[in-house]
Structures are given as structure tokens and as C-alpha cells.
There are 4 protein chains.
Amino acid sequence: MENDSRDGAPPGRSERARTATLEAALALAAELPYPQVTIEAIAARAGVGKATIYRRWPHRGALMVDAVAHRNDRAATAGGAVPDTGDLAADLAVVLRSVVDELARPEWDALLRALCVEALVDTATRARVLDLVVAPQIALFAERFATARSAGRIDDAVGDTEAFELVVAPVFHRWQLRTGPLDHAYADAVARRACRAMAP
Amino acid sequence: MENDSRDGAPPGRSERARTATLEAALALAAELPYPQVTIEAIAARAGVGKATIYRRWPHRGALMVDAVAHRNDRAATAGGAVPDTGDLAADLAVVLRSVVDELARPEWDALLRALCVEALVDTATRARVLDLVVAPQIALFAERFATARSAGRIDDAVGDTEAFELVVAPVFHRWQLRTGPLDHAYADAVARRACRAMAP
Amino acid sequence: MENDSRDGAPPGRSERARTATLEAALALAAELPYPQVTIEAIAARAGVGKATIYRRWPHRGALMVDAVAHRNDRAATAGGAVPDTGDLAADLAVVLRSVVDELARPEWDALLRALCVEALVDTATRARVLDLVVAPQIALFAERFATARSAGRIDDAVGDTEAFELVVAPVFHRWQLRTGPLDHAYADAVARRACRAMAP
Amino acid sequence: MENDSRDGAPPGRSERARTATLEAALALAAELPYPQVTIEAIAARAGVGKATIYRRWPHRGALMVDAVAHRNDRAATAGGAVPDTGDLAADLAVVLRSVVDELARPEWDALLRALCVEALVDTATRARVLDLVVAPQIALFAERFATARSAGRIDDAVGDTEAFELVVAPVFHRWQLRTGPLDHAYADAVARRACRAMAP
DNA sequence: GGGTAAACGAGACGGTACGTCGAGTCTTGGT
DNA sequence: ACCAAGACTCGACGTACCGTCTCGTTTACCC
């Protein structure tokens, strides 16, 4: 169960090095401005040689993606699936509120910003972010969307990704550009509006 | 006589150096991966001393923001105001299509990614981006929103920023994370859904 | 009386600028490591524009030579001529002792080191040092040497320069390389040995 | 295996980098005005990173001293010991002539001037010059002085350093300030006079 | 005594080198 | 056999001066 280097790397004696590296990356991303989260600093913090890092990841971006995925493995991210009380807007509001709360925590905020930077700078990294971080998030919503769709609350023409975007994009946008306060009120408003947008 | 600096800005005697720097920054951002858009490269391309750049801008981020603002000064942003045919969804669709088209142009795509990177890395830069780039965009929509609001197509509770986010955020999200194709069809769908979301 | 720029420069309104520059150069040479005695620092200290300095001197070396000459104009350097008590060795010892004392004063030490650096780095400057600083020193000894020569204490084959070198070179050498203590005892020994060396 | 650094010196793994740096420094000092002998130029010429130089030497001065010492290691200094024909003046004249000849070679002249500049600018460097360059020279004379002393040609009160200075200082002085021609005739005269000066 | 030209202070300009830091590669020792 | 440690080359960082160049602003001289 993932005790192996992610991409079929030689069975590598030390899972330890891998874990230490990922943890160090997470820790540094949380406590330093991102440009100071250098491979050198990560290696030092992890008590690992730089070569050991380069042997496993081609660049910092790839490492950071794995670090976030690693973190998400440990804590089933945003509390698992979307609740289903029958009231779609309310259920989405609950999730968005918790998303907003997480984004308010500096570590997670910094980590996500780091991830976005890497995704913006390199296309391949962006694809990895999509697969390992965004797609799982969409999957968490998919089930609830399916229910809502069969209850006639979501237009059949609106796919899971599209629905996800209607719900999450405004929060993402406001988080990244800080066009306004990112609070529970905003989460509620977005949930409500998104429901209307998706309605048949 | 061109011996004037921007807006009574402190020092800058020669506008020439300023302009050359901004143009060089734009050109390099368009043709190189962003990490290679170094101050050194910009200075060389602009035929300007590094010190001249550092005398005007504290870091690359500030310079890039000004470069984008400079570009927007020259080309009245994305074609000026939002059209008003009376059909809000159609009008927004027109704008979103042109936004999508612009984002498909590699130079603008690269430039915007650069801007986002800087905004993600430094809070002060993010604020500048908001003021100099995002706010003007919102302003372009504001008039149309006002009309729509008085025509009863937008809920009075939805402010300009909020409305802007409902319209633009999904496109922004898809552009940044490439969760799906970013084309005219998507622009139309988003415009339509956003209108419903904003309705009273 | 030297109230004019040294080399027939246009009648130059301000002797003040010239003097202030030279004094600033002397002051800085006395208080800073020589590499920090920059034209920029001298200009700032003198309250003078950099261009004003470059208008008068082609490089720092030329400026420093003039500065030393300026200083020597003010204070008839090492107390004027060599005494003549009839005892050559004793007379020379008196002078060498005062030379040693001067070299022990940090300002003069630093200034001379600066001068030597410039002379070592540029041939033209070396020539100027020779003319404006060393030759006058030799001249101070010449009269005493003449007396000694007619008293049969100096071989007629030994010219003034040669005699000067026999007397001063060991002190200069020891000052520059610190091969040993540079004190009155050494001054006396050198004076005595030099007399024997010069004898017919 | 050449993997050894100088004298059990702390880090330096590759002797290659060290040697290349020293040779480059010597070459550049011989062919450029000293202010152009920059660390950057040395690194480039040596095919070595600047950091590698700074890792080994704190400033250019220290590097130049080692470079000269390195050169002297390769070519047993100025032809080895002072000859001993029984005639002290003649023996010293031979040596001084070869010193004069060496100083006439532009490379050695330039190198020595560089060394003097560094010694004049920094006290610690001066001490290193003394230890690594001057002291060995004195040692070469010491043996001959000892012989001469027991032959009653040198006053017992004149130590090796003092004797060395009497012999070499005039040449050094004339070399540095060019008070007159630096040729064999001068070498002979100085040797002769120095012998008289040292006599009991 | 007012008008003009020069020299001035200030300091921005295009450059070069500084000394530092990190990237990514490679070598050495230790376990 | 693999790994931490860290030296290696390379290149960008941000700073400091270089020597040149505009700028207005004083003077000092000549009408």
C-alpha cells in the first residue's frame, strides 16, 4: 500500500527517505515564502541528500504534488464525501464552508498556493495536479451530483466537472485574487447561486 | 521632450528606460518559460542596466504587474465594454468567448500565468494585481450589470464583484487547472448558467 | 600661488571644489581601507559632483598623488632639511627617526600605502609620484649629501639618488613588508650602516 | 590519485580546481592590468565556479599569495641558494643581477606588483606574503650570511633579516619607484655597498 | 545690472564585478 | 549497494562603483 516509490522506482531500501522528504516539503511550504522552499532546504530539513531527491523527482513541482497527495492520503482531505440531506444548496454550503475554513489555515493556504504556482509554471505538473488533487475532489462531489440529478435538481446537461466548477470556481477565484472576503456568508451565497445555475 | 516620468513618480528621469524594460518583460514572458524570465534577461533585452530596473521596481512581480498594466494601456483591454443587446446571457457569452480566445493566444496565456504566479507568491503583489488588472476588468462589466439589474435580470443582492465572479470564475478555474476544454461552447454554457445564478 | 587648476584648466570658478576634493580624499584614505576610498565616496564627502572630479583628474591615482602633494604643501613635510652637525650618521639618524615616527601615525601610513598602490598599478601615476613626492624628498637630502661629500664622508661615485636609497630603502622595505620592528633602534642602525656603505 | 588537498586542508576535494585557479591567476596577472584580474576573470579562465574560489580563499589577495607560492614551488625560486666563492660581494652581486633580470621580465614584474598591492591593502595578506614569499627568500641568503659571518665579513650584530634588507632593499625600492635604472651595474654597486655596510 | 555661458551639485544612466545562493551533477565515505 | 554529505560548474541574485550623461542652479563675467 504505497510503501513503494510511486512510479515503479527500484524497490529502494528507504521508504524513510521518501517520507522524510515529503514531510519536510510540507513543513517548509507551510512556514516559508515559497521561493525559499528550495530543494536544498528540503533536503537539509529531511536529513536527506539532494541526490536522493533528484533520484525520485525531476523537479520541485513534482515533489510538491506528491507531498500534497501524501498529505491527503494521511487525512482524508476535506472530511470525505458531500453530505446528503436532500437539500442540495445546504449540502454544498456545508462543504464550501469547510473549504473556506481550510483555506483560512495558513499551512493549507500556503501549500495550495505552492501547488498553483507549480501548475502555472509547468504543463506536466499541471496535469499531475489535476489527476492527483483536483480529480479526487471532483469525485467527492460526483455522488451527490448524481443523486441531485436524479432528483431533478441538476440539469442532465451539466456534467460533474462542470457542476464542480460552478460550485467551487468562485471560491477558488476569490481565494486566489482576494476580490473580497472569503467567509461563510460567501460560501452560502455561492452554494445557493450555483444550485440555481445548475438547475434544469 | 519625453523627460517626464509616469505620474510624478519619484525619480525616473528617462521614460525610455521604463518603456524598454516593460516591453522587454512582456516579450520575454511571451517567449520563455517563466523561471527564465529573469531580471538579468529583461535588462539585457531592454538594453538597460539591472540597477535601473531595481531602482524602479522592488522585485520581478511588481515589474510584471506594471508590464501588464502597460500592455493594457496600449490596447484598450479586451475590446472595451460589455455589449448591451438587451440579452444578458448573449452579451456575456460574447465577452466570455473573446476572453477564451485571448487565453488561447500563447503570449497572453503566458503573461497571465506569470501574473498569477507573482500574485500567489507575494501578498503585496496580489493586491497590485487586483487594483491594476482585475478591478479594471470588473469595472468593464459593472455598467452592463447595472443595466441588467434595473431590467430585473440580476438580483439586487448580487454586487458587481460577486456577479463578475459568477461569470468569470469558472473560465478562470478551467484555464488555470485545465479541468476540461476551454472553448466557445464552454463560454456559452457558463454565460447561460451565470445568468440564471444571478437572477432574482 | 597654485590658486589655479593644476594643468592650465579653464580658469575654473571654484578653487573650493578642488580643495574640498583633495581634503576629502586625504580624510577618507586615513579612515577607510583603501578599496573603500572610491571616487563616489570622495565626491560625497567633499560635497562635490562626481563629474567635477573627473573633470580634473583622470583616475583616482592622479587624484591621490595631488592630494599628497597638497598635504605636503601645507605642512613642510618631514620638518624641512636634514640637519648638519658634522656627524653624518647622527644627522641621518635624526631624520630616519622622524620618518619612522611619521610612518607610525596611521593616517600617514594609510596615505602612503594608498600612494604605493597607485604607483604599482599604473606607470604614469608612478612617474607622478616620483616627481611630486619622492624627488622632493631626495632634494631635502641632497644638500647634506653635498656637504658630506666634500668632507670626504661620501664616495664621489655615489649620487644623491643612490645615497638616498642606501639610507631610506631599508626603512621603506621594512615599512612595506614588516620584516621586523620599525623603530628608532632600527633607524639608528640603518643610518650607521648606510654611512659606512657610502664611505669612499 | 591527486585527490588530496594541500596540507590536510579542511575541505577541498579536487586538487584540479585549486591548481587551475592558481595557474589562471598567474596567467591573468601576467597579461592584464591588475584591476582587471578579477575573481570572475580568474574563474572563467580556470573553468571553475566563482564559489569554488570563494570556498578556498577569502579574497583575491590570499589567492594571489598562494599563486605566487605555487609558482615558487614549481620553479625552485630564484635558482636556489646564494653561491659561495668566498667573495661575499661578488656572490651577492650574482644574486642581485639575477633578481634584476627577473624583475625585468614582465610577468614576474606584474606578479610582484600585484603581490605588493595586496600586501599594502590588507594587513593579514601582508603577513602571508611575509611568511610564504619573503621569508623563504631570506632563508636562501641565511646560509651564505652565516659563512660570511664566521669569516668575519659580517658584523655579528647584523641579523639575517637586517642583512637581507641591506642587500635587497635598494633594489626593491628602485624597482617599485623607478628612481633610476635597474640594471646589472646597479646590482653590482648595491652588492658592494651592502657588504661594506654589514662589515664589522 | 542684466544676460549669458561656464561650471557646478546632484544623481540617473548602461555597465562590470562583487560575494552569495540555489540548481542539478558527481564523488567520497560510512553503514 | 545505497545513501548523507557536500564539492563541483553554472548562472541569477541584488549591490556598489565605474565613468558618462543630463538636468536645473548658481555664480562670474561682459556687455
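The values are calculated or read from the model by the stated rules, or taken from the named source; none is laboratory data. All values reported here derive from a predicted model rather than from experimental measurement. A quick note on method: Cβ atoms are made from the backbone with ideal geometry, for glycine too, and the neighbour counts reach across all protein chains shown. Just so you know, the surface numbers come from the protein's heavy atoms only, side chains and all, with ligands and any DNA or RNA stripped out. Shrake-Rupley method; radii C 1.70, N 1.55, O 1.52, S 1.80 Å.
Kindly sort D:Val65, D:Val95 by accessible area of their heavy atoms, largest first, with the probe set to 1.4 Å.
Values: D:Val65 0, D:Val95 20 Å².
Order by accessible area, largest first: D:Val95, D:Val65.
Return the ratio Rg/(2.2 N^0.38 Å) for chain D, where Rg is computed over Cα atoms only.
Numbers: Rg = 18.7 Å, N = 200, 2.2 N^0.38 = 16.5 Å.
So the Cα radius of gyration is 1.14 times the expected 2.2 N^0.38 Å.
If I take all pairs of Cα atoms in region D:88-198, what percentage of them are more than 21 Å from each other? It would help to have the intermediate numbers written out before the result.
Details: 2321 of 6105 pairs.
Every Cα pair in region D:88-198 considered, those over 21 Å come to 38 percent.
Sort shortest first the distances from A:Pro181 to its counterpart in every other copy, using label points 7 Å along the Cα-to-beta-carbon line, and give them in nm.
In nanometres, ordered from closest: 4.2, 8.1, 9.5.
Over all directions, how big on average is the projection of the convex hull of the alpha-carbon atoms in the protein assembly as shown, in square nanometres? All intermediate terms of the calculation are to be shown ahead of the outcome.
On the way: hull surface 187.6 nm².
Result: a mean projected hull area of 46.9 nm².
Using a simple charge model, +1 on the beta-carbon of Lys and Arg, -1 on the beta-carbon of Asp and Glu, nothing else, what dipole does the protein assembly as shown show about its Cα centre, in debye to the nearest 20?
Numbers: 96 positive and 108 negative charges, 19 e Å.
Once rounded to the nearest 20, the dipole reads 80 debye.
Principal axes first, then extents: for the Cα atoms of region A:15-74, list largest minus smallest coordinate on each axis, whole Å, largest first.
25, 23, 19
All other residues with a Cβ under 9 Å from the Cβ of D:Leu120 taken together, and with Lys, Arg as +1 and Asp, Glu as -1, what is their net charge? Intermediate values should be presented prior to the final figure.
Values: positive: C:Arg113, D:Arg126; negative: D:Glu118, D:Asp122.
So the environment of D:Leu120 carries a net charge of 0.
Taking only C-alpha pairs under 8 Å that are 6+ residues apart, what is the relative contact order of chain C in percent?
Result for chain C is 22 percent.
Suppose only helical runs count, i.e. DSSP H with n ≥ 4. What mean residue ellipticity at 222 nm does that imply for chain B under -39500 (n - 2.57) per run, divided by all residues and rounded to the nearest 500 deg cm²/dmol?
Working: 10 runs with 136 residues, N = 200.
Result for chain B, helices only: -22000 deg cm²/dmol.
Solvent-accessible area of C:Thr123, probe 1.4 Å, all protein chains present, reported in Å² to the nearest ten, please.
Rounded to the nearest 10, that gives 90 Å².
Only four residue types carry charge here, +1 at the Cβ of Lys and Arg and -1 at the Cβ of Asp and Glu. Report the dipole size of chain B about the Cα centre in Debye, rounded to the nearest 20. Present the calculation step by step, with values, prior to reporting the outcome.
Details: 24 positive and 27 negative charges, 109 e Å.
It works out to roughly 520 debye.
Shortest first, in nm, what separates the label point of D:Ala157 from those of the same position in the other copies (7 Å along Cα→Cβ)?
2.7, 11.0, 11.6
Note down the accessible area of C:Val99, probe 1.4 Å, to the nearest 10 Å².
For C:Val99, solvent-accessible area is about 40 Å².
Per-residue Cβ counts within 10 Å, from other chains only, averaged over B:109-118: what number is that? Please report the intermediate quantities before stating the final value.
Working: counts 0, 1, 0, 1, 5, 2, 1, 7, 8, 1.
What the average comes to for B:109-118 is 3.
Compute a Gaussian network model of chain A, connecting alpha carbons closer than 10 Å, and tell me which residue from A:Glu118, A:Glu165, A:Glu15 fluctuates the most.
Evaluated over chain A, the most mobile residue of the options is A:Glu15.
Using a Gaussian network model of chain B whose springs link C-alpha atoms within less than 10 Å, name the residue from B:Pro136, B:Pro35, B:Pro106 with the highest mean-square fluctuation.
With Cα springs under 10 Å in chain B, the top fluctuation among B:Pro136, B:Pro35, B:Pro106 is at B:Pro35.
Positive end of the dipole of chain D, charges at C-beta (+1 Lys, Arg; -1 Asp, Glu), about the Cα centre: which of D:Ala43, D:Pro170, D:Leu111 has its Cα farthest in that direction?
The residue sitting most towards the positive pole is D:Ala43.
Report the net charge of residues surrounding C:Ala146, where surrounding means a beta-carbon distance below 12 angstrom and charges are Lys +1, Arg +1, Asp -1, Glu -1.
Values: positive: C:Arg144, C:Arg149, C:Arg153; negative: C:Asp84, C:Glu143, C:Asp156, C:Asp160.
Once positives and negatives cancel, what remains is -1.
For D:Glu40, place a label point 7 Å out from Cα along the Cα→Cβ vector, do the same in each other copy, and report the separations in nm, one decimal, smallest first.
Relative to the other copies, D:Glu40 has label-point distances of 1.0, 1.4, 2.0 nm.
State to the nearest 20 debye the size of the charge dipole of region A:121-193 about its Cα centre, where the only charges are +1 on K and R beta carbons and -1 on D and E beta carbons. Mind showing how you got there, number by number?
Working: 9 positive and 10 negative charges, 44 e Å.
Rounded to the nearest 20 debye, it is 220 debye.
Probe 1.4 Å, all protein chains in place: accessible area of D:Val134 in Å², nearest 10?
Its accessible surface works out to 10 Å², give or take rounding.
Can you give the net charge of the other residues whose Cβ lies under 9 Å from the Cβ of B:Ala29, counting K and R as +1 and D and E as -1? Before the final figure, lay out each step's value.
Values: positive: B:Arg113; negative: B:Glu31, B:Glu107.
Once positives and negatives cancel, what remains is -1.
Top mean-square fluctuation among C:Arg113, C:Arg18, C:Arg105, Gaussian network model of chain C, C-alpha springs under 10 Å?
Checking each option, the largest mean-square fluctuation is seen for C:Arg105.
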